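The values are calculated or read from the model by the stated rules, or taken from the named source; none is laboratory data. The structure displayed is predicted, hence computed values, not measured ones. Ideal geometry is used to build each Cβ from the backbone, glycine not excepted, and the neighbour counts take in all protein chains shown. Just the protein is used for accessible areas: all its heavy atoms, side chains included, with ligands, DNA and RNA removed. Shrake-Rupley method; radii C 1.70, N 1.55, O 1.52, S 1.80 Å.
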Amino acid sequence: MSLFRQPLICLFALALLCLLLHLLPSAATDWLNYQRAEPLQLWRFWTAHLLHSNFWHLAMNLAGLAVIFYLHQMHYRPKQLLQFFLLSAALLSAALYVFSPDIHSYVGLSGLLHALLAFGAVRDLQQRWYSGGLILLGLAAKVAYEQLVGADPALAALIDARVAVDAHAYGSVIGVLLAFLLPNYGAQGDSAKAEKKSGSA
C-alpha cells in the first residue's frame, strides 16, 4: 500500500505548492519567474517551473501531472522525486538560457512534465515494459511537431502566454538522460537491491 501512497503525497504536495504560488500577487511572482535578464538570481531557475500564467495553464499542467503519476508512480520515491525536480529544473532553465536567447521570461510546469514523462517511459523500457517505447515515440512525435510547426495558437490564447515549445524539447531530453544517470527508483529498484543482498548473504 505504501508504494502507491508515497507518490501521491508528492503529487498533492506539488499541486498544493503550485496552487499557493498561483494565488500570490504579481508583485511577488515577478521575483520568482524565469528572467533571462537576471541570470544571477539563481532561485528563479527552480521557482519559475512552479508558476503559471493563469488558471487554465495551472489546471492543464496539474491534470498532466496526475496522468503521469498514474502511469509511472511505481518508479518514484519522495526523496528521489525531489532530487529529480532539483536537477531537471536547473538543467532545463540552464538550457533555456544557453540555447533559447529569444525566451526572455518563462513560467510553467510543462517542461518538467515532459522530463518526468520521458524519465518514466525509459524506466518502463528498462523493466522490459514495452509500453514505454510507445510513450517515447508519441512524445518524440509531439516535440518534433512543435519544433517544425509550432504550438497551437488556441492553446497560447487559452493560457494567455507564449507556449515555450523549446522547454518541452529540452525537458524530454533531460528526462531521458536522468533515467540513465540517476539510481533506479521505485519497486523494481528496491526488489533488485533486496535480491542482491539476499544473494550475498
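Can you tell me which residues in segment 98-148 are assigned to a loop (DSSP other than H, G, I, E, B) and open to solvent by less than 60 Å² (accessible area, probe 1.4 Å)?
Taking segment 98-148 and keeping what is assigned to a loop (DSSP other than H, G, I, E, B), we get 100-104, 107-109, 127-130.
Passing the criteria: SER100, ILE103, VAL107, GLY108, LEU109, GLN127.
Output the residue which, of all residues in segment 149-171 that are assigned to a loop (DSSP other than H, G, I, E, B) and of a type in the set (A, V, I, L, M), is farthest from GLN73 (Cα to Cα).
So the residue we want is ALA161.
Taking PHE45 and the conditions (1) of a type outside the set (A, V, I, L, M); (2) in a helix (DSSP H, G or I); (3) modelled with pLDDT under 95; (4) out of contact with any Pro (no Cβ under 8 Å at 6 or more places or on another chain), which numbered condition does it fall short on, given that it satisfies the others?
The single condition PHE45 does not satisfy is (3).
Return yes when ASN61 is open to solvent by 10 Å² or more (accessible area, probe 1.4 Å) and in contact (Cβ under 8 Å) with a residue 60 or more places away in the chain and no when it is not.
no
Against the condition modelled with pLDDT of 95 or more and open to solvent by 20 Å² or more (accessible area, probe 1.4 Å), how does HIS168 come out, does it pass?
It is false that HIS168 is modelled with pLDDT of 95 or more and open to solvent by 20 Å² or more (accessible area, probe 1.4 Å).
Take SER88 and tell me if it is more than 21 Å from GLY175 (Cα to Cα), among the small types (Gly, Ala, Ser), in contact with a Gly (Cβ under 9 Å, 6 or more places away or on another chain) and at pLDDT 95 or above.
Spelling it out, it is not the case that SER88 is more than 21 Å from GLY175 (Cα to Cα), among the small types (Gly, Ala, Ser), in contact with a Gly (Cβ under 9 Å, 6 or more places away or on another chain) and at pLDDT 95 or above.
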